[in-house]
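Q: I am attaching a structure below and will ask some questions about it afterwards.
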Amino acid sequence: MNPRIIAVCVLFSLYLSSSAQKNYLLESKSDKDQRMEWWREARFGMFIHWGLYAIPAGEWKDKTTHAEWIRTTAQIPLKEYDQFVPQFNPDQFNAKAWVQMAKDAGMKYITITSKHHDGFCLWDSKETDFDVMSTPFKRDILKELATACREIGGIRLCFYHSIMDWHHPDYNERRNWEKDRPVAGTDRKRYIAYMKKQLKELVTQYGDIGVFWFDGEWEGFWKHEDGVDLYNYLRGLKPDVIINNRVDKGRGGMAGMTTAGGYAGDFGTPEQEIPETGLPGVDWESCMTMNNNWGYNKADKNFKSVKDLIQKLVDIASKGGNFLLNIGPKADGSFPQESIDRLKAIGDWMKVNGESIYGTNASPFEHTSWGRVTQKTAGNKTYLYLHVFDWPKDGVIHLEGIGNKPQYVYQLWDKEKVSFIANRNSLMVQLPGRSPDENDAVIVLEYWEKPLVYKAPVISTYSADFIQTTDAVITLPAGENRTEIRYTTNGSDPTAASPLYQSKLNITQSTVVKAASFYKGQMVSGVVTRSFNKVKPVGAITPASTAPGLTARYYTGDWDSIPAFNALSPVETGVLKTVSTGVYADKELYGVVLEGYIKIPATDLYHFYLSSDDGSMLYVDGEKLVDNNGLHGLEEVKGTKALAAGYHRIRIEYFEKSGGDELHLMIESKTDKKKELPALMLFH
Ligand code: FHN
């Protein structure tokens with residue numbers, strides 16, 4: 001063949017291969033906004049955790065506290081767990097009934113476990129026999145759900161997919177009790193290829209899939225580059241698909257938000273929790289169980305009340321997030337009655353109040369004592385939805401910090417107008433005698449112009465505790481440029497005669513700083529307060545001798561929180577030059593106590609950031625400075641202490657149950673930015 005033609009073919013194939021791996025992380029904001037639009041509008045979805053684990057329903061031998069993790073938490077060997085396959089025959093499964101219940105509850109999408117950590121596939125996969133077609137049921141569950149969603153309409157089908165796989169031999173992380181699954185001969189690339197082929201089945205054969213909700217990304221098996229590659233692979237197959245942040249390694253523990261660093265993922269995934277405040281410009285979805293378990297547990301009757309679930313939905317929407325509420329179906333394919341009842345009640349509330357959730361954005365107010373606020377703009381109108389959780393005894397709702405009055409104020413449930421008084425920077429709304437809905441009753445402020453909401457200032461500082469001096473910087477939130485800040489340093493509320501804030505305040509004595517926003521001589525926001533405390537540094541000690549590193553004492557045990565290590569005997573001891581889990585990294589069911597001295601370079605106030613998966617504690621000079629205890633993903637907790645230059649005693653306690661395990665300690669001072677505690681500061 002003509003060499004020129006060969007050259008053109010080679011160049012073209014290079015182009016094709018490179019375009020197959022287009023980097024979708026470089027997507028423009030407008031393109032992402034367009035792709036996310038339906039999801040941001042939806043605000044409310046159904047999570048479904050279903051699989052073989054519904055058969056034992058949480059019970060194994062003498063314990064009834066298992067659920068979808070039962071293969072691991074009950075340490076069931078693979079051959080024994082495979083015995084559930086011939087038992088899986090959900091004769092009550094009715095895809096249309098599931099989809100209709102989600103729709104009637106006011107949900108706009110369903111995210112179902114295509115494959116959970118146990119590796120069992122709910123669809124007819126050509127890549128494995130460990131799927132629903134190997135069971136007596138022999139029906140493609142995901143296909144039936146896809147058909148039901150298409151026929152009923154109004155519900156997007158989405159898939160949860162676990163990266164971690166306890167069944168496929170090439171996923172070569174092993175639980176330390178798994179003696180029956182050698183790692184020799186395994187091939188991680190072969191597993192990733194398997195996962196990609198299965199995902200291609202799901203993307204191309206099950207209709208217009210809205211979201212891929214990855215999970216199980218936390219073990220060492222999965223790397224950041226794998227996450228970016230998988231994100232681009234899936235987007236290459238379906239450019240408009242939405243993918244959560246657990247496809248990569250950037251999730252900050254159960255708080256779920258994506259840490260800085262170029263990680264892939266379109267939205268954050270707080271789990272069983274709701275962020276304290278809205279996060280402007282950040283897409284996130286809180287996922288929660290209705291009781292205590294994701295997978296069905298027949299003994300778990302601790303279901304959240306309807307009121308709690310509705311108020312969680314509203315709280316999340318008022319902070320600009322989505323709510324993914326979980327159902328754990330039974331082995332027979334039916335929903336637990338407690339779940340059905342709650343879905344029905346939420347649906348009744350959504351039929352009246354859905355417009356105050358769908359397509360809304362975060363509240364423009366920092367805090368409202370009587371409930372929450374959501375907002376929506378349609379054309380030249382803006383609607384502020386006042387969600388009244390606690391009906392005021394005097395029947396009057398006070399809304400502070402708003403500088404213009406609405407065109408109308410009315411009850412959402414019957415559109416009846418209500419009277420209101422507009423002051424310079426507040427509204428008083430007169431409510432009817434009693435609430436029509438103790439879960440949440442909604443009052444609408446209809447504006448025919450942009451509501452004029454005044455934001456209170458923010459008082460920030462390196463640290464409110466200080467040794468000699470510290471600074472107080474007072475700023476207005478982004479976008480607030482109409483007002484000025486006035487402040488006091490004697491604990492009194494600021495007035496129009498108080499000093500105008502123009503530059504940072506240098507604090508040399510214990511002080512209470514108060515500030516508020518002023519407009520044309522009037523206070524138009526709430527008052528913010530920050531106390532500053534002058535403290536004495538803890539004196540240093542003089543050890544008889546020192547050597548580099550911390551002593552490390554290792555313990556084995558199955559704990560759900562940090563044990564009393566001093567009452568246990570260590571199985572191994574050593575010295576670690578840095579704060580880590582050392583030789584036990586990636587093991588399970590163990591604890592470690594690191595102890596020694598930290599050499600503080602200069603007298604100052606120090607921030608310590610202890611992050612761990614699972615729980616940890618930090619003691620400095622015998623005082624508990626950070627409590628990051630408990631079973632959780634990688635989470636960081638901060639503690640602050642004034643320390644004199646020299647040696648101070650330090651002790652770190654840590655335990656790992658199963659899954660990911662990490663331990664980090666970072667330090668920050670006013671002169672040194674946050675960094676891993678350097679080895680040169682650690683001695684024993
Ligand atoms: O280990 C899983 C768990 O089983 C469940 O799927 C939750 C739901 O988000 N995600 C993981 C725990 O963080």
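The values are calculated or read from the model by the stated rules, or taken from the named source; none is laboratory data. Computed from a predicted structure; not experimentally measured. Cβ sites come from the backbone with ideal geometry, for glycine too, and all protein chains shown count toward neighbours. Keep in mind that these areas ignore ligands, DNA and RNA; they rest on the heavy atoms of the full protein, side chains included. Shrake-Rupley method; radii C 1.70, N 1.55, O 1.52, S 1.80 Å.
Q: Beyond 18 Å, what share of the Cα-Cα pairs of region 392-537 remains, rounded to the nearest whole percent? Walk me through the intermediate numbers first.
A: Numbers: 6704 of 10585 pairs.
Within region 392-537, distances greater than 18 Å cover 63 percent of Cα pairs.
Q: Continuing with this model, one more query. Could you give the length gained by full extension between A496 and K96, i.e. 0.36 nm per residue of separation minus their alpha carbon distance, to one decimal place? Walk me through the intermediate numbers first.
A: On the way: separation 400, 0.36 × 400 = 144.00 nm, distance 6.29 nm.
Separation in residues times 0.36 nm, less the Cα-Cα distance, equals 137.7 nm.
Q: Quick check on the chain: helices-only [θ] at 222 nm, where DSSP H runs of length 4 and up contribute -39,500 (n - 2.57) each and the sum goes over total residues. Nearest 500, please. Intermediate values should be presented prior to the final figure.
A: Numbers: 10 runs with 124 residues, N = 684.
It lands at -5500 deg cm²/dmol.
Q: In region 22-100, what GluC sites (Glu not before Pro) fall in a loop by DSSP, with at most 16 other Cβ atoms inside 10 Å?
A: Numbers: sites: E27, E37, E41, E59, E68, E80; in loops: E27, E59, E68.
When the GluC sites (Glu not before Pro) of region 22-100 are filtered for loop state and at most 16 Cβ neighbours within 10 Å, E27, E59 remain.
Q: Given a 1.4 angstrom probe, what's the average accessible area per residue across region 371-447, in square angstrom? Show your work: numbers first, answer last.
A: Working: 3580 Å² over 77 residues.
Per-residue accessible area for region 371-447 comes out at 46 Å².
Q: Heavy atoms only, probe 1.4 angstrom, no DNA, RNA or ligands counted: give me V538, V409 ranked by accessible area, highest first. List each step's numbers first, then the result.
A: Working: V538 50, V409 0 Å².
My answer, sorted largest first, is V538, V409.
Q: Calculate, for Q83 and L237, the FRET efficiency according to 1/(1 + (r/R0)^6) with r their C-beta to C-beta distance and R0 35 Å; round to the nearest 0.05. Present the calculation step by step, with values, prior to reporting the outcome.
A: Values: r = 35 Å, r/R0 = 1.00.
So the FRET efficiency works out to roughly 0.50.
Q: Consider just the alpha-carbon atoms of the chain and return their Rg together with their Dmax, both in angstrom.
A: Cα-based Rg and Dmax for the chain come out at 28.2, 90 Å.
Q: Would you mind getting the accessible area per residue of region 458-534, heavy atoms of the protein chains only, 1.4 Å probe, in Å²?
A: On the way: 3880 Å² over 77 residues.
For region 458-534, the solvent-accessible area averages 50 Å² per residue.
Q: For region 157-203, which chymotrypsin sites (Phe, Trp or Tyr not before Pro) pass both filters: DSSP loop (anything but H, G, I, E, B) and at most 14 other C-beta atoms within 10 Å?
A: Numbers: sites: F159, Y160, W166, Y171, W177, Y191, Y194; in loops: W166, Y171, W177.
Counting only loop positions with at most 14 other Cβ atoms within 10 Å, the chymotrypsin sites (Phe, Trp or Tyr not before Pro) in region 157-203 are W177.
Q: Dividing the Cα radius of gyration by the Kirkwood radius, what Rg/Rh value follows for region 475-632? Provide the component values of the computation, followed by the final result.
A: On the way: Rg = 23.9 Å, Rh = 20.3 Å.
Value, to two decimals: 1.18.
Q: Let me check something: with ligands and nucleic acids excluded, how do F655, F365 order by accessible area (1.4 Å probe), largest to smallest?
A: On the way: F655 0, F365 25 Å².
Per-residue accessible area, sorted high to low, gives F365, F655.
Q: Follow-up. Pull up the DSSP beta bridges for the chain and report the antiparallel fraction as a percent, rounded to 5.
A: Values: 106 of 139 bridges.
Looking only at bridges with both residues in the chain, the antiparallel portion is about 75 percent.
Q: How are the C-alpha pair distances of region 193-331 spread across 5 Å bins, as whole percents from the shortest bin up?
A: Answer for region 193-331: a P(r) of 2, 9, 17, 18, 18, 17, 11, 6, 1, 0 percent.
Q: Compute the signed sum of charges (Lys and Arg +1, Asp and Glu -1) over the other residues within less than 11 Å, Cβ to Cβ, of S611.
A: Working: positive: K638; negative: D613, E635, E636, E662, E676.
Here the count lands on -4.
Q: Let me ask something else about it. Which of the helices in the chain meet the span-like rule: DSSP H, Cα axial reach of 15 Å or more, Kyte-Doolittle mean at least -0.5? Please list the in-between numbers first.
A: Details: long enough: 3-20 (25 Å, 1.51); 29-42 (19 Å, -2.37); 141-152 (16 Å, 0.55); 188-205 (25 Å, -1.02); 224-237 (20 Å, -0.68); 306-318 (18 Å, 0.59); 337-353 (24 Å, -0.66).
Span-like helices, by this rule, are 3-20, 141-152, 306-318.
Q: Of all the accessible heavy-atom surface of the chain, with the other protein chains kept in place and a 1.4 Å probe, what percent is carbon and sulfur? The partial results should precede the final answer.
A: Values: 15200 of 29220 Å².
The C+S portion of the solvent-accessible surface of the chain is 52 percent.
Q: Rolling a 1.4 angstrom probe over the protein chains, ignoring ligands and nucleic acids, what is the accessible area of D31 in square angstrom, nearest 10?
A: For D31, solvent-accessible area is about 80 Å².
Q: Tell me which trypsin sites (Lys or Arg not before Pro) from region 141-236 have a DSSP coil assignment and no more than 10 other beta carbons within 10 Å of their own. Could you put the intermediate results ahead of the total?
A: Numbers: sites: K143, R150, R156, R174, R175, K179, R188, K189, R190, K196, K197, K200, K223, R235; in loops: R174, R175, K179, K223.
Those that pass, being in a loop and sparsely packed, are K179.
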